[in-house]
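What follows is a short report on a single structure.
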Amino acid sequence: MRDFEGTNLTGKEEAQLQYEYLEKAKAYVAAKEQEKGRKLTYCVQTFGCQMNARDSEKLVGILEQAGYVEAEDEHADFVIYNTCTVRENANNKVYGRLGYLSNYKKKNPDMMITLCGCMMQEPEVVEKLKKSYRFVNLVFGTHNIYKFAELLCRALESDSMIVDIWKDTDKIVEDLPVKRKFSFKSGVNIMFGCNNFCSYCIVPYVRGRERSREPQDIIREIEGLVKDGVCEIMLLGQNVNSYGKNLEQPITFAELLREVDKIEGLKRIRFMTSHPKDLSDDLILAMKECKKVCKHMHLPLQSGSSRILKIMNRHYNKERYLELVDKLRKEIPDIALTTDIIVGFPGETEEDFLETMDVVKKVGYDSAFTFIYSKRTGTPAASMENQIPADVVKDRFDRLLKEVQTIATDKAMALEGKVMNVLAEELNEQDASLITGRLDNNSVVHFPGNKDMIGQIYPVLLKECKGFYYLGEVVSNE
Ligand code: SAH
Ligand code: SF4
Ligand code: F3S
């Protein structure tokens, strides 16, 4: 594994270089097209979080500019798995899928298989691939993804497996091609990496140290997106609340939000994820003041037990978390709250678990992602004693899920009959007389309308709650 970044080029020079490689890749693809008498196809499969989804848009951007066209499935000339390793099952899925791919490759020997993303930052994964998955053409990690055009050329030139993994990077390369999955909304990275080292979590090891983008680069990107028809953005970072602290001219996340809120033509701003330990009063104020910021906060709890939170290295306790929720609700009474919870962290007792259930009941989340603790090699929690037996965890998980779902359903039902702002996102896939849009809290609403309404916010009467979505009707234009 290489150490820090591979070259001494500045971000700008690096981008320039990658565009040169892209030209070279184009020539290779054009020649192959001639030979085959058809277009070459690609398929990018993404595992994991929004960060990975955004990274995949960058990979697709390069592939399309090189001349590849999207395939319906993995029967393609160039297949990429952009992997996640946050939990063991995310990891296992990839090996399973690789089995299928090897069969596809037997039928299409020119097929190129690429693996990238978080899982590739684990040395034992790369060893396994080198040993048992020789049919993979290209393996790279999270830190050198900006070099994809170059790596693509190398892979197209080579007959054997190319592996390029870096331990970390301090570089941020701007302005490379991106192909968005959705025309009307987009993720926007505001920072990369994580410095928090929660004791169960592998992300800091595979995504490297925290690096913030310059605010003017972020604003410029969003302005460009708006010109291109985007009306909603999601600011992405593992802990957006610590955004900007290490920039030469430090800026807070609250300040960034206020700047982004001023961008003309932008309708909605979301962000993810907020770490409770760094949630400032000013951010709450900024959320309240900024018209475009959705009144929704995803605030991962992880555990309701102060004892466990300490061992998790989360730097807040149950009381502090509940205090934050009170503050948020006091300033923004209709705020939607969602969370992440881990069940079965090493040493978790029934009492600890009941503390989690208590917070869940007290907060009343609009929705919650619940996870069974997964042991990740190299993290402090993996070597802790008192790993919890699977049957105990499963029982707690089921109880938690039931509670979370009951509360979420009540919360969703409570909005029935209310008029809420809905951003019209797209024509309904089944019924073109309907528009599908979303509430601030991300819930889906279907309502009668036409395609001219897309990209605008409408007050919609939520006539009927159907569990995970609503049927509604526009009450009047703004
Ligand atoms: N940076 C974000 C979380 C990113 S990972 C934050 O701090 O909130 C998304 C979620 O995966 C985490 O919130 C956590 O609930 C879960 N997770 C992370 N590591 C895990 C592990 N080892 N086992 C189970 N769940 C885990
Ligand atoms: Fe993982 Fe914690 Fe960083 Fe989130 S803040 S990515 S849970 S280490
Ligand atoms: Fe997974 Fe990497 Fe995201 S490990 S959750 S894809 S940062």
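The values are calculated or read from the model by the stated rules, or taken from the named source; none is laboratory data. The model shown is predicted, which means the values in this text are computed figures rather than measured ones. Ideal geometry is used to build each Cβ from the backbone, glycine not excepted, and the neighbour counts take in all protein chains shown. SASA here: full protein model, heavy atoms, side chains in, ligands and nucleic acids out. Shrake-Rupley method; radii C 1.70, N 1.55, O 1.52, S 1.80 Å.
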(message) Just checking, does segment 258-272 include any residue being within 16 Å of ligand 3 (Cβ to nearest atom), of a type outside the set (Phe, Trp, Tyr) and buried (at least 19 other Cβ atoms within 10 Å of the Cβ)?
(response) yes
(request) Check Glu174 against each of (1) at pLDDT below 95; (2) open to solvent by 40 Å² or more (accessible area, probe 1.4 Å); (3) of a type outside the set (A, V, I, L, M, F, W, C) and name the one condition it does not meet. (result) (2)
(request) Would you point out the residue of segment 244-257, among those that are more than 16 Å from ligand 2 (Cβ to nearest atom) and of a type outside the set (A, V, I, L, M, F, W, C), that is surrounded by the most Cβ atoms within 10 Å (Cβ to Cβ)? (result) Gly244
(request) Report the residue count in segment 303-348 for those that are open to solvent by 20 Å² or more (accessible area, probe 1.4 Å) and under 22 Å from the mean Cα position of the chain (by Cα). (result) 1
(request) Considering every residue within segment 102-111, establish whether at least one is within 30 Å of Lys375 (Cβ to Cβ) and not charged (D, E, K, R). (result) yes
(message) Looking at the structure I just gave you, is Gln456 free of Cβ contacts under 8 Å to residues at least 60 places away in the same chain, open to solvent by 60 Å² or more (accessible area, probe 1.4 Å) and among the polar types (S, T, N, Q)?
(response) no
(message) I need a count of the residues in segment 185-233 that are within 16 Å of ligand 1 (Cβ to nearest atom), among the polar types (S, T, N, Q) and within 20 Å of Asn52 (Cα to Cα).
(response) 4
(request) Kindly indicate whether Gly437 is in a loop (DSSP other than H, G, I, E, B), touching a Leu at 6+ places or on another chain (Cβ under 9 Å), more than 16 Å from ligand 2 (Cβ to nearest atom) and farther than 18 Å from Leu299 by Cα. (result) no
(request) Kindly establish whether Glu70 is in contact with a strand residue (DSSP E or B) (Cβ under 7 Å, 6 or more places away or on another chain), of a type in the set (D, E, K, R) and open to solvent by 30 Å² or more (accessible area, probe 1.4 Å). (result) yes
(request) Spot the failing condition for Asp334; the list is (1) assigned to a helix (DSSP H, G or I); (2) at pLDDT below 95, and only one is missed. (result) (1)
(request) Being open to solvent by 30 Å² or more (accessible area, probe 1.4 Å) and in contact (Cβ under 8 Å) with a residue 12 or more places away in the chain narrows it down to one of Met234, Met297, so name that one. (result) Met234
(request) Hey, can you tell me all the residues within segment 177-225 that are over 17 Å from the mean Cα position of the chain (by Cα), open to solvent by 20 Å² or more (accessible area, probe 1.4 Å) and either closer than 22 Å to Glu259 by Cα or more than 16 Å from ligand 3 (Cβ to nearest atom) (or both)? (result) Ser183, Glu214, Pro215, Gln216, Asp217, Ile219, Arg220, Glu221, Glu223, Gly224
(message) Exactly one of these conditions fails for Val445: (1) free of Cβ contacts under 8 Å to residues at least 24 places away in the same chain; (2) in a strand (DSSP E or B). Give me its number.
(response) (1)
(request) Determine whether segment 315-323 contains at least one residue that is closer than 30 Å to Met119 by Cβ, within 12 Å of ligand 1 (Cβ to nearest atom), part of a loop (DSSP other than H, G, I, E, B) and of a type outside the set (Val, Ile, Thr). (result) yes
(message) Need pairs with beta-carbon distance below 8 Å; first residue of a type in the set (Lys, Arg) and within segment 107-132, second modelled with pLDDT of 95 or more; sequence gap 6+ or separate chains.
(response) Lys130/Met161; Lys130/Val163
